[in-house]
Amino acid sequence: MNAIDQQIREIFERSRVIACVGASANPARPSYYVSIFLKQRGYRVIPVNPGLAGQELFGETVVGSLSEVEAEVDMIDIFRRSEQVSPIVAQALIHLPRLRTVWMQIGVANADAAMMAGERGVDVIENRCPKIEIPRLFGPDWRVG
(Lines give C-alpha, C1' and ligand atoms only; values in the text may rest on other atoms or scores of the structure.)
Protein backbone atom coordinates (compact mmCIF):
# COMPACT_ATOMS: atom_id res chain seq x y z
CA MET A 1 0.00 0.00 0.00
CA ASN A 2 1.37 3.43 -0.92
CA ALA A 3 1.85 6.26 1.59
CA ILE A 4 -1.22 8.31 0.62
CA ASP A 5 -3.49 5.24 0.81
CA GLN A 6 -2.06 4.42 4.24
CA GLN A 7 -2.61 8.01 5.38
CA ILE A 8 -6.24 7.96 4.16
CA ARG A 9 -6.88 4.62 5.91
CA GLU A 10 -5.53 6.03 9.17
CA ILE A 11 -7.69 9.17 8.81
CA PHE A 12 -10.89 7.15 8.45
CA GLU A 13 -9.95 4.73 11.23
CA ARG A 14 -9.24 7.49 13.77
CA SER A 15 -11.97 9.97 12.83
CA ARG A 16 -15.43 9.90 14.44
CA VAL A 17 -16.92 13.37 13.93
CA ILE A 18 -16.84 15.09 10.53
CA ALA A 19 -18.05 18.63 9.82
CA CYS A 20 -19.40 18.92 6.28
CA VAL A 21 -18.74 22.49 5.10
CA GLY A 22 -21.19 23.36 2.35
CA ALA A 23 -23.76 20.76 3.35
CA SER A 24 -26.85 20.68 1.15
CA ALA A 25 -30.42 19.51 1.75
CA ASN A 26 -30.67 18.60 -1.95
CA PRO A 27 -30.23 14.81 -2.39
CA ALA A 28 -28.75 15.39 -5.86
CA ARG A 29 -25.81 17.38 -4.47
CA PRO A 30 -22.54 15.59 -3.65
CA SER A 31 -22.38 17.19 -0.18
CA TYR A 32 -25.72 15.53 0.62
CA TYR A 33 -25.04 12.02 -0.60
CA VAL A 34 -21.43 11.94 0.62
CA SER A 35 -22.65 13.02 4.08
CA ILE A 36 -25.33 10.30 4.06
CA PHE A 37 -22.67 7.79 3.01
CA LEU A 38 -20.42 8.85 5.92
CA LYS A 39 -23.32 8.69 8.39
CA GLN A 40 -24.16 5.17 7.16
CA ARG A 41 -20.54 4.20 7.87
CA GLY A 42 -20.89 5.26 11.51
CA TYR A 43 -19.52 8.80 11.49
CA ARG A 44 -21.30 11.70 13.14
CA VAL A 45 -21.72 14.32 10.40
CA ILE A 46 -22.19 17.95 11.45
CA PRO A 47 -23.69 20.00 8.56
CA VAL A 48 -22.31 23.53 8.10
CA ASN A 49 -24.25 25.93 5.86
CA PRO A 50 -25.32 29.48 6.83
CA GLY A 51 -28.34 29.30 4.52
CA LEU A 52 -29.69 26.22 6.31
CA ALA A 53 -28.68 27.08 9.89
CA GLY A 54 -31.14 25.78 12.45
CA GLN A 55 -32.64 23.15 10.15
CA GLU A 56 -31.97 19.44 10.59
CA LEU A 57 -29.84 17.36 8.23
CA PHE A 58 -28.28 13.93 8.77
CA GLY A 59 -29.84 13.80 12.25
CA GLU A 60 -28.00 16.97 13.33
CA THR A 61 -28.85 20.67 13.55
CA VAL A 62 -27.19 22.65 10.76
CA VAL A 63 -24.79 25.34 12.00
CA GLY A 64 -23.96 28.51 10.11
CA SER A 65 -20.19 28.33 10.55
CA LEU A 66 -17.44 26.22 12.07
CA SER A 67 -17.25 28.65 14.98
CA GLU A 68 -20.73 27.42 16.04
CA VAL A 69 -19.81 23.73 16.14
CA GLU A 70 -19.92 22.40 19.70
CA ALA A 71 -18.91 18.81 18.90
CA GLU A 72 -15.29 17.69 19.02
CA VAL A 73 -14.63 17.54 15.28
CA ASP A 74 -11.86 15.29 13.98
CA MET A 75 -12.17 16.17 10.28
CA ILE A 76 -13.71 18.82 8.06
CA ASP A 77 -14.92 17.82 4.60
CA ILE A 78 -15.02 20.91 2.37
CA PHE A 79 -17.55 21.23 -0.45
CA ARG A 80 -16.67 24.78 -1.53
CA ARG A 81 -14.70 26.29 -4.40
CA SER A 82 -10.93 26.15 -4.07
CA GLU A 83 -10.63 29.93 -3.68
CA GLN A 84 -13.01 29.82 -0.68
CA VAL A 85 -11.02 27.24 1.28
CA SER A 86 -8.39 29.38 3.08
CA PRO A 87 -10.82 31.25 5.37
CA ILE A 88 -12.64 27.98 6.13
CA VAL A 89 -9.40 26.29 7.18
CA ALA A 90 -8.33 29.36 9.19
CA GLN A 91 -11.66 29.29 11.06
CA ALA A 92 -11.37 25.53 11.65
CA LEU A 93 -7.88 25.88 13.10
CA ILE A 94 -9.15 28.52 15.54
CA HIS A 95 -12.42 26.89 16.62
CA LEU A 96 -11.86 23.12 16.35
CA PRO A 97 -9.11 22.17 18.82
CA ARG A 98 -9.31 18.41 18.04
CA LEU A 99 -9.13 18.90 14.27
CA ARG A 100 -6.73 16.40 12.72
CA THR A 101 -7.79 16.37 9.05
CA VAL A 102 -8.76 18.90 6.40
CA TRP A 103 -10.38 17.08 3.48
CA MET A 104 -11.05 18.87 0.18
CA GLN A 105 -13.46 17.23 -2.24
CA ILE A 106 -12.81 16.32 -5.86
CA GLY A 107 -11.91 19.47 -7.78
CA VAL A 108 -10.97 21.35 -4.60
CA ALA A 109 -7.36 22.21 -3.78
CA ASN A 110 -5.74 25.20 -2.11
CA ALA A 111 -2.00 25.33 -1.48
CA ASP A 112 -2.19 28.18 1.07
CA ALA A 113 -4.85 26.38 3.11
CA ALA A 114 -2.92 23.12 2.90
CA MET A 115 0.25 24.83 4.13
CA MET A 116 -1.65 26.59 6.95
CA ALA A 117 -3.13 23.29 8.16
CA GLY A 118 0.11 21.36 7.66
CA GLU A 119 2.04 23.87 9.77
CA ARG A 120 -0.37 23.08 12.62
CA GLY A 121 0.16 19.33 12.24
CA VAL A 122 -3.22 18.75 10.58
CA ASP A 123 -3.38 16.19 7.76
CA VAL A 124 -4.55 17.54 4.41
CA ILE A 125 -6.19 15.57 1.62
CA GLU A 126 -7.03 17.43 -1.59
CA ASN A 127 -9.08 16.55 -4.66
CA ARG A 128 -10.50 13.27 -3.29
CA CYS A 129 -13.87 11.96 -2.12
CA PRO A 130 -14.57 9.75 0.93
CA LYS A 131 -17.37 8.00 -0.97
CA ILE A 132 -14.73 6.74 -3.40
CA GLU A 133 -11.83 6.25 -0.99
CA ILE A 134 -13.61 4.25 1.75
CA PRO A 135 -14.92 1.45 -0.53
CA ARG A 136 -11.62 1.42 -2.44
CA LEU A 137 -9.52 1.00 0.70
CA PHE A 138 -11.87 -0.88 3.06
CA GLY A 139 -14.50 -2.56 0.87
CA PRO A 140 -18.13 -1.59 0.25
CA ASP A 141 -19.60 -2.57 3.62
CA TRP A 142 -16.97 -1.19 6.00
CA ARG A 143 -18.13 0.62 9.15
CA VAL A 144 -16.10 2.76 11.53
CA GLY A 145 -15.66 1.74 15.17
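The values are calculated or read from the model by the stated rules, or taken from the named source; none is laboratory data. The structure presented is a predicted model; accordingly, all values stated were derived computationally and were not measured. FYI the Cβ positions are ideal-geometry reconstructions off the backbone, even for glycines, and counts take in every protein chain you see. For accessibility, only protein heavy atoms count, side chains too; no ligands or nucleic acids. Shrake-Rupley method; radii C 1.70, N 1.55, O 1.52, S 1.80 Å.
At 1.4 Å probe size, with the rest of the protein present, what percent of the exposed accessible area of the stretch 1-123 is carbon and sulfur atoms? Working shown, then result.
Numbers: 2770 of 5840 Å².
Carbon and sulfur together cover 47 percent of it.
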Measure off 7 Å from each Cα along the Cα-to-Cβ vector at ILE132 and ALA90, then give the distance between these two points in nanometres to one decimal. 3.0
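Restricting to Cα pairs below 8 Å that are 6+ residues apart, what does the relative contact order work out to for the stretch 60-145? Please round to a whole percent. Mind dumping the intermediate values first?
Working: 111 pairs, mean separation 22.1, N = 86.
The value is 26 percent.
What number, in percent, do you get for the relative contact order of the chain if the mean sequence gap of Cα pairs under 8 Å and at least 6 apart is divided by its residue count?
Values: 257 pairs, mean separation 33.1, N = 145.
Value for the chain: 23 percent.
Probe of 1.4 angstrom, ligands and nucleic acids ignored: what's the accessible area per residue over the stretch 56-145, in square angstrom?
Here the per-residue accessible area is 50 Å².
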Just to be sure I understand the model, the point goes 7 Å from the Cα along the line to the Cβ. What's the resulting GLU10 to ALA109 distance in nm? 2.2
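With +1 on the Cβ of every Lys and Arg and -1 on the Cβ of every Asp and Glu, and nothing else charged, how large is the dipole of the chain about its Cα centre, in debye rounded to the nearest 20?
Numbers: 16 positive and 17 negative charges, 66 e Å.
The calculation lands at about 320 debye.
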Classify the stretch 36-145 as rounded, prolate or oblate, taking a ≥ b ≥ c as the square roots of the eigenvalues of its Cα gyration tensor: rounded when a/c is under 1.5, otherwise prolate if a/b is larger than b/c and oblate if not. oblate
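Would you compute, from DSSP H runs of 4+ residues alone, the mean residue ellipticity of the chain at 222 nm, taking -39500 (n - 2.57) per run and dividing by the full residue count, rounded to the nearest 500? Show your work: numbers first, answer last.
Values: 5 runs with 52 residues, N = 145.
My calculation for the chain gives -10500 deg cm²/dmol from helical runs alone.
So for the stretch 1-103: antiparallel DSSP bridges make up what percent, rounded to the nearest 5? Could the numbers behind the result be given before it?
Working: 2 of 15 bridges.
Around 15 percent of the beta bridges assigned by DSSP in the stretch 1-103 are antiparallel ones.
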Simple label model, 7 Å out from Cα along Cβ direction - ARG81 to GLU56, nm: 3.4
